[in-house]
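Structure first, then comments.
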Amino acid sequence: MSSTLHTFLQKSEQKAFDAEHKRKLLFNIGKYNDTVVKGKQQYADLEYVRKKVKNLKWKAIENLDKYLIEFETNFTANGGKVIWANDDKEALQEILKILQKKDTHSVVKAKSMASEEIHLNEFLHQHGIESIETDLGEYIQQLDGEPPYHIVTPAMHKSKDDVAKLFNEKLGTSLELTAEELTLVARERLRDKYLKAEVGFSGANFILPDIGGIAITENEGNGRLSTSFPKTHIAIVGIEKMLTSVNDLTLFWPLLATYGTGQRLTVYNTIFTGPKKEIETDGPEEMYVILLDNGRSKLLAETRQREALYCIRCGSCLNACPVYKNIGGHTYGTTYSGPIGSIISPHYKGMEEFKHLSYASSLCGNCTEVCPVNINLHNLLLYNRNDSVESGHTTYTEKMIWRMWKRSMLNRKKMEKPNAAIKNLFLKMVFKNSWGSRREMFKIAPRSFYKQWMEKHPPQE
Ligand code: SF4
């Protein structure tokens, strides 16, 4: 058993039976479910929009090579600089070069899952550079020394009281502060950081090839502050964030808002097309976009699972997933959790180590139903399982069990030969480790259905 699987199983067991964890998680998901219904009311024909955006993402991903070049050409013409990073190491080295050139001591960072993916904060810390998260949820998580718990709501597993306790321990504030007061504390602490930071980091929700820009959507305004106060803006963007044109935003922005947080439109929607122009007073003097591959090309090469690259990171499939709702975000041990994380992580980080995530699903199909881009999520999990078996990532015992099962199923006489007691003993042995101590093992009936049927309907001579 791989160490990642072992940790996954241990944490799953722990979280699934942690009643307090579940209470907080279900409370927050419940709030999401209530608001998302309201957000959907803005659509006269939601299904039409879902189909349309899927087609647009299909076009963008099928022509990704062309759109990336188009973006680079236009963004460079706007005065921006593009860096291509094959993996996390390349991205980090390029970032370090820029930061060292600018003698950087502190940076501010807007919410960016791509930066989580390359472990930017840890890397900067190792090089003596202070990196401060400016999104409230991310700020809370950073204070607590935890990675984000959810791709949209990073501190979803924490209650208001948990945050008050954390602020009390780390910042010395009163335990009695309200949610608004806690937000004000974070805001006050962050203001100074924006002013001091030499470099600001962000991710991007979408890449706009025709205008050479990136689009960022957020609710707190911290994204704008992080990217316009510092003299340099570095955006780390996964290459799959591509759209076909700026015009696509008319569909993608409201859809992401609706499925992400139940809003009609997120509060701040910004398009960045490069550093500030001579006639402009605000904005960075230099802007870089790091186009991050880090396994995406590998996924692009998989014709069956490629559509996972259409994901707009709304988090809806996480909120709908019965597995996520039981084990929570951190158990996955990956940057991207829930159904979409279980699909892409084996391709980004290695099938052998992360294949178990594709099996951690009931295949109920709820994820597919709630995905705004109509990604066939539960089928993609099956394709991953298929790939994993085809590539030989199965144990000898598993292979033997399936071989025996197949033989018995194809031969009624063989199946009927051992009595129920022997069959039950066999099942106990086979599922000894995987069945779990909290579930009662099912029992084979003393007389099989076949036997009972044959007794009632003996074959005619
Ligand atoms: S796979 Fe679909 S539902 Fe899940 S995060 Fe991506 S866009 Fe949202």
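The values are calculated or read from the model by the stated rules, or taken from the named source; none is laboratory data. In this text, all values refer to a predicted model and were calculated from it rather than measured experimentally. In this analysis, Cβ positions are derived from the backbone assuming ideal geometry, glycine residues included, and neighbour counts consider all displayed protein chains. Only protein heavy atoms, including side chains, enter the accessible area calculation; ligands, DNA and RNA are left aside. Shrake-Rupley method; radii C 1.70, N 1.55, O 1.52, S 1.80 Å.
See the values below:
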quantity: Top-ranked residue in region 307-327 [being among the aliphatic types (A, V, I, L, M) and within 9 Å of the ligand (Cβ to nearest atom); ranked as farthest from Gly238 (Cα to Cα)]; calculated: Ala320
quantity: Filter result for His127 (touching a helix residue (DSSP H, G or I) at 6+ places or on another chain (Cβ under 7 Å) and surrounded by fewer than 21 Cβ atoms within 10 Å (Cβ to Cβ)); calculated: yes
quantity: Filter result for Ser388 (outside any helix (DSSP H, G or I) and more than 15 Å from the chain's Cα centre (by Cα)); calculated: no
quantity: Residues satisfying the stated conditions in region 252-295, i.e. open to solvent by 40 Å² or more (accessible area, probe 1.4 Å) and touching a residue at least 40 places away in the same chain (Cβ under 8 Å); calculated: Thr261, Gln263, Arg264, Val267, Tyr268, Ile271, Thr273, Lys277, Asp282, Glu285
quantity: Any hit, region 305-316, residues being part of a helix (DSSP H, G or I), basic (Lys, Arg) and open to solvent by less than 10 Å² (accessible area, probe 1.4 Å); calculated: no
quantity: Ser345 touching a helix residue (DSSP H, G or I) at 6+ places or on another chain (Cβ under 9 Å), hydroxyl-bearing (Ser, Thr, Tyr) and either open to solvent by less than 10 Å² (accessible area, probe 1.4 Å) or within 14 Å of the ligand (Cβ to nearest atom) (or both); calculated: yes
quantity: Selection status of Ser362, at pLDDT below 95, open to solvent by 70 Å² or more (accessible area, probe 1.4 Å) and closer than 30 Å to Leu300 by Cα; calculated: yes
quantity: Elements of type helices (runs of 4 or more DSSP H) contained in region 134-248, each with 1 or more residues being open to solvent by less than 20 Å² (accessible area, probe 1.4 Å), free of Cβ contacts under 8 Å to residues at least 24 places away in the same chain and among the hydrophobic types (A, V, I, L, M, F, W, C); calculated: 160-171, 179-196
quantity: Close pairs from region 367-393: first farther than 16 Å from Leu299 by Cβ, partner among the aromatic types (Phe, Trp, Tyr) and open to solvent by less than 40 Å² (accessible area, probe 1.4 Å), Cβ under 7 Å, at least 6 apart; calculated: Pro372/Tyr259
quantity: Selection status of Lys298, surrounded by fewer than 22 Cβ atoms within 10 Å (Cβ to Cβ), away from the ligand (no atom under 16 Å from the Cβ) and within 21 Å of Tyr348 (Cα to Cα); calculated: yes
quantity: Any hit, region 398-416, residues being part of a loop (DSSP other than H, G, I, E, B), open to solvent by 80 Å² or more (accessible area, probe 1.4 Å) and more than 16 Å from the ligand (Cβ to nearest atom); calculated: yes
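Here's the yes/no breakdown for (1) open to solvent by 70 Å² or more (accessible area, probe 1.4 Å); (2) in contact (Cβ under 8 Å) with a residue 12 or more places away in the chain; (3) under 19 Å from Gly338 (Cβ atoms):
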residue: Thr4; (1), (2), (3): no, yes, yes
residue: Val36; (1), (2), (3): no, yes, yes
residue: Lys59; (1), (2), (3): yes, yes, no
residue: Ile69; (1), (2), (3): yes, no, no
